[in-house]
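A.B. asks: Please read through the structure below; I'll follow up with questions.
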Amino acid sequence: MLLPILIDQKEILKFYKAIDIHTHKGIQGHALIIAGSYGKIGAAVLASKASLKTGCGLVTVFVPKCGYDIVQISIPEAMVLTDTAEKYISEITFEIKPKAIAIGPGLGLELLTQNAFHNFLKTNKAPLVIDADALNILSQNKSWLSLLAPKTILTPHPKELERLIGKWDSDEEKFGKTIAFSKQYHLIVVMKGAPTHIIDGETVYENTTGNAALATAGSGDVLTGMICSLLAQSYGAIHAAILGVYLHGLTADIALPETGYQSFIASDIIGHIGKAYLTLENCQK
């Protein structure tokens, strides 16, 4: 493996786009978050709120019926579509035309949900981020990987990665298997960890932001929403993954003096995205 490219401020500023002062919500991107099941609607809330806070002009959330009130009350800025089923997603249908889609947080593994995901993959044309239970469904149905468009972004934590590529005995083997997987299916793999690495074929990126505070429930759901937001704002897939991971880690670095490690939660990531962006804006002045 070649030495990784470090994801630091210098690397980010090569492609970071400051917001156009004449922009409006209609051209700031429309993200669709397909997420949630009974008891896990919070994952949909975190991902969609993170998507809005990362700069998306419009965010629509697709949840089972039981999530409707929760999402509408938790995030008044988001629009909500619901499945016909009460407790889980059984059929993914929508008339909107999102610029990017994220699927997986809190989705569950119901058989009807798996079938809905399969049917969705067969017809989807939008840039895509796949996380959490959607990754677990893929790992049980590896033939579906061929349905993914090139540069689809996968965001596995170590156990989800193991289910996709098999066990490894060393970091060298883990990277070797992930690179081979990325090349075989033409996918971008965000290997969440300490530090997080991004694999794009033979190219490996290593993030330089973040700390142990990020080891908390919902952290990955937030990252998924952030990356989807950046895709919807017309960043290319690799740049969306790199910038999303960088900002996500930076929020924890900024918050740490206030929160300490133990009391930092996923909502604190969302609450500090603005300050993370400001560090980039201030460099461009």
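Please treat every number below as a calculation from the coordinates, not as lab data. Computed from a predicted structure; not experimentally measured. Cβ placement follows ideal geometry from the backbone for every residue including glycine, while neighbour counts extend to all protein chains displayed.
A.B. asks: State which residue is nearest to HIS197 (Cα to Cα) when the search covers only region 7-22 and only residues that are in contact (Cβ under 8 Å) with a residue 24 or more places away in the chain and not in a helix (DSSP H, G or I).
C.D. replies: ILE7
A.B. asks: So, one more: Tell me which residues, restricted to region 108-128, are assigned to a helix (DSSP H, G or I) and without any contact (Cβ under 8 Å) to a residue 60 or more places away in the chain.
C.D. replies: If the condition is that a residue be assigned to a helix (DSSP H, G or I) and without any contact (Cβ under 8 Å) to a residue 60 or more places away in the chain, then LEU111, LEU112, GLN114, ASN115, ALA116, PHE117, HIS118, ASN119, LEU121, LYS122, THR123 are the ones that fit.
A.B. asks: Does GLY210 satisfy the criteria of being at positive phi, out of contact with any Phe, Trp or Tyr (no Cβ under 8 Å at 6 or more places or on another chain) and not basic (Lys, Arg)?
C.D. replies: When the stated conditions are applied, GLY210 passes them.
A.B. asks: Give the residue, chosen from ALA232, ALA255, ALA217, ALA266, that is farther than 25 Å from PRO4 by Cα, in contact (Cβ under 8 Å) with a residue 40 or more places away in the chain, surrounded by fewer than 17 Cβ atoms within 10 Å (Cβ to Cβ) and of a type in the set (Gly, Ala, Ser).
C.D. replies: Only one candidate passes the filter, namely ALA217.
A.B. asks: Further, regarding this structure: Please go through (1) over 28 Å from ILE96 (Cα atoms); (2) in contact with a strand residue (DSSP E or B) (Cβ under 7 Å, 6 or more places away or on another chain); (3) touching a residue at least 60 places away in the same chain (Cβ under 8 Å) for LEU161 and return the number of the only condition it doesn't satisfy.
C.D. replies: In the conditions (1) over 28 Å from ILE96 (Cα atoms); (2) in contact with a strand residue (DSSP E or B) (Cβ under 7 Å, 6 or more places away or on another chain); (3) touching a residue at least 60 places away in the same chain (Cβ under 8 Å), LEU161 misses (3) alone.
A.B. asks: Just to check your reading of the model, which residue among PRO98, PRO105 is under 15 Å from the mean Cα position of the chain (by Cα), part of a loop (DSSP other than H, G, I, E, B) and either hydrophobic (A, V, I, L, M, F, W, C) or at negative phi (or both)?
C.D. replies: Exactly one of PRO98, PRO105 is under 15 Å from the mean Cα position of the chain (by Cα), part of a loop (DSSP other than H, G, I, E, B) and either hydrophobic (A, V, I, L, M, F, W, C) or at negative phi (or both), namely PRO105.
A.B. asks: Does region 129-149 hold any residues that are outside any helix (DSSP H, G or I) and in contact with a strand residue (DSSP E or B) (Cβ under 9 Å, 6 or more places away or on another chain), and which are they?
C.D. replies: VAL129, ILE130, ASP131, LEU148, ALA149
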